[in-house]
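Following: one structure in structure tokens, then a few remarks.
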Amino acid sequence: MTYKKLQWGATVVVLSMLLAISAHAQQPQTTQHAHKAAAKPDANAAASTFQPGLEPRAIDILKAACARLAAAKTMSFTAVVSYESPSRLGPPLVYSTRSEVTLQRPDKLRVITLGDGPPSEFYYDGKTMTAFAPKENLIAVADAPPTIDAALEVAYHTGATYFPFSDVIVADPYKDIADGLKIAFYIGQSSVVAGTTTDMVAYITGDVFVQIWIGAEDKLPRRVYAIYLNDRARLRHVLELSNWELDATVPADAFVPANTAGASHIAFARPDAVDPTAMKPPPKALPAQAQ
């Protein structure tokens, strides 16, 4: 059952109660049982008319936000991702990462990620993509396709590199949502998130339930709350977006890693890869009797 259906059902019950009270005040007295019997069919009949779908107002808000992002030639923002992970005690633990993101369309991206784990840096300049682990002083470089979207695909499939905010930085954000869009509805406004007025929209795309807070004036996403519907634990993922700058001048060297001259090179490969190219151990020395 969707949040919209729960919310709508509660509204029906409240309205039924108010109507019953109003009728009690304006009409001759009848028994309490009669009032309940009269209200119940109305509530059930109204509830049965709800059909989840794509509300135009919700779609318009999503399209406006996606259009604003797609039109930006350069973009920078801060992304704080909090995600739940199962614990031995039962209730999930929450971990967070903070990324400083800069991009220049169509072929440049930089993501500097800090805490709660080891820091990491990712650079893409239209020709190569580089992953750098400053704490371990390890660097991996690989050839990359000529667009951000294609580079993100290669980074994921080759090196298991994934950014939870990828839907924000692709060339056509609305297409990524619309391809699997099943339900979308408008919730209301909030003045709590990011210290500004936001429009709240909920939607289901693919197997993900999403609630998003979008600036009512600037049309920029400020918070994204997601649950994977096929996850039995229904673990929550929250993305906070702040410090937005669109179409600002970006230095030419912003997408090239610095201070990596002494770093050890490793292959750009998945962490779970078995003996990936350029990462095979050196051959073992022959036993003394065989030399």
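The values are calculated or read from the model by the stated rules, or taken from the named source; none is laboratory data. Please read these numbers as outputs of a predicted model, since none were measured by experiment. Glycine also receives a Cβ, built like all others from the backbone with ideal geometry; neighbour counts cover every protein chain displayed.
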Options TYR156, TYR95, TYR83, TYR162: the member that is over 21 Å from ALA252 (Cα atoms) and in contact with an Asp or Glu (Cβ under 9 Å, 6 or more places away or on another chain): TYR95
Residue under evaluation ALA131, criteria (1) of a type in the set (A, V, I, L, M); (2) under 18 Å from ALA171 (Cβ atoms); (3) in contact with a helix residue (DSSP H, G or I) (Cβ under 7 Å, 6 or more places away or on another chain), criterion not met: (2)
Selection count, the stretch 161-181, where residues are of a type in the set (Ser, Thr, Tyr) and out of contact with any helix residue (DSSP H, G or I) (no Cβ under 7 Å at 6 or more places or on another chain): 0
Test: ALA226 is of a type in the set (Gly, Ala, Ser), under 22 Å from TYR162 (Cβ atoms) and out of contact with any Asp or Glu (no Cβ under 8 Å at 6 or more places or on another chain): yes
Top-ranked residue in the stretch 96-125 [being free of Cβ contacts under 8 Å to residues at least 24 places away in the same chain and outside any strand (DSSP E or B); ranked as nearest to THR260 (Cα to Cα)]: PRO119
Candidate set: the stretch 231-287, residues that are under 26 Å from the mean Cα position of the chain (by Cα) and at pLDDT below 90; chosen: the one surrounded by the most Cβ atoms within 10 Å (Cβ to Cβ): ARG270
Restricting the stretch 146-190 to residues that are part of a helix (DSSP H, G or I) and hydroxyl-bearing (Ser, Thr, Tyr), the residue that is surrounded by the fewest Cβ atoms within 10 Å (Cβ to Cβ): TYR156
